[in-house]
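> Okay, here's the structure, questions in a sec.
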Amino acid sequence: MKEEARYQMARRVSWNTMIGNILLTAVKAGVGVISGSSALLADALHSGSDIATTIVVLYSMRISTLPPDPEHPYGHGRAESIGAKVLSVILVLVGLSMGTSSIRQLWAGTYAVPGRLALWAILLSVVVKEGMYRYTVAVGKKINSTALVADALHHRSDAFSSVAAFLGVIGARLGYPVFDPLAAAVVAVFIIKMGIEVFRSSLDELMDAQVHENLQAEIRKHATTIPGVEHVDEVRIRQYGPHYVIDMKVSVDKQLTVWEGHHIAAQLKGTLRDSLPSVGDVLVHINPYPDQHDLTD
């Protein structure tokens, strides 16, 4: 998939969910004030943070479409990982702010019994946010976007937090008003947990963590089909946005000429790029076979 087409798909998803979040935030904040529900107000703040994170996703994906240049020879694909990391920080800060507010309310003992309208607003939020999650994660996986999948997880965390808020309002209306600020605190924990998970995932990508076992197996399988490849010595994978850069070592007959070895490497590179759309570039190092010293270099 071309970078511009990929960006346009992500842009369409982001704008749709952003408009939905603006409307949802307005509804939840308004009903939260009218009904006096701290859990619903906390949930509204969570939805509001979705607007900011979607802007981060759009900006990072726009940068990722820029072509390679002398300062960035591998391209700008990792802007998406950086965007996911910024998103994770926003999530944690929002969660901490919400948690602090809830603890202060619990400490002061200032509880309110939310009105029935709060229940309908929360149910609307659960349905809408779960729909946003499914929509966003489907497109994120299709275009292999770390940032978009992270944004989808943010929508799912909002749906979970709405469920917690719903239970808090129900508890308060049944005669236990402390449940409302407790639910807000639970919402905060959900958000912080999601932020930490997104941070860890984006950190693995930035640190070139070798977690692509299935892709490694595919690369090795394709490499063994190339005439002249006697042994696949090593495969390393680095992710740059939606694409993977492959560094690999293969052994060929030590009696081959330099040109013949180069031809085998070119065939291998072409086969991998044609067979595996997610592979952006391949660097092949040729070792002599069966020199055991070179097999372990």
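The values are calculated or read from the model by the stated rules, or taken from the named source; none is laboratory data. These numbers were taken from a predicted model, which means no experiment stands behind them. Neighbour counts run over all protein chains shown; Cβ positions are idealised from the backbone, glycine included.
> Given the structure, is Leu106 over 15 Å from Ala10 (Cα atoms) and over 15 Å from the mean Cα position of the chain (by Cα)?
Numbers: over 15 Å from Ala10 (Cα atoms): yes; over 15 Å from the mean Cα position of the chain (by Cα): yes.
Considered against the rule, which asks whether it is over 15 Å from Ala10 (Cα atoms) and over 15 Å from the mean Cα position of the chain (by Cα), Leu106 comes out as yes.
> Report every pair of residues separated by at least 6 positions or lying on different chains whose Cβ atoms are under 9 Å apart, first residue within segment 248-261 and assigned to a strand (DSSP E or B), second polar (S, T, N, Q).
Close Cβ pairs (under 9 Å, with a partner that is polar (S, T, N, Q)) amount to Lys249/Asn287; Val250/Asn287; Ser251/Asn287; Val252/Asn287.
> On the given criteria, is Ala209 modelled with pLDDT of 90 or more and on the phi < 0 side of the Ramachandran plot?
No; evaluated as a whole, the condition is false for this residue.
> Quick check on this structure: which one of Val137, Val149, Val187 is surrounded by 23 or more Cβ atoms within 10 Å (Cβ to Cβ) and either of a type outside the set (Lys, Arg) or in a helix (DSSP H, G or I) (or both)?
Val187
> Based on what the data block shows, is Ala118 surrounded by 24 or more Cβ atoms within 10 Å (Cβ to Cβ), at pLDDT below 75 and in the same structural domain as Val13 (by TED's automatic domain parsing)?
no
> Given the conditions (1) in contact (Cβ under 8 Å) with a residue 24 or more places away in the chain; (2) under 17 Å from the mean Cα position of the chain (by Cα), and given that Gly36 satisfies all but one, which numbered condition is not satisfied?
(2)
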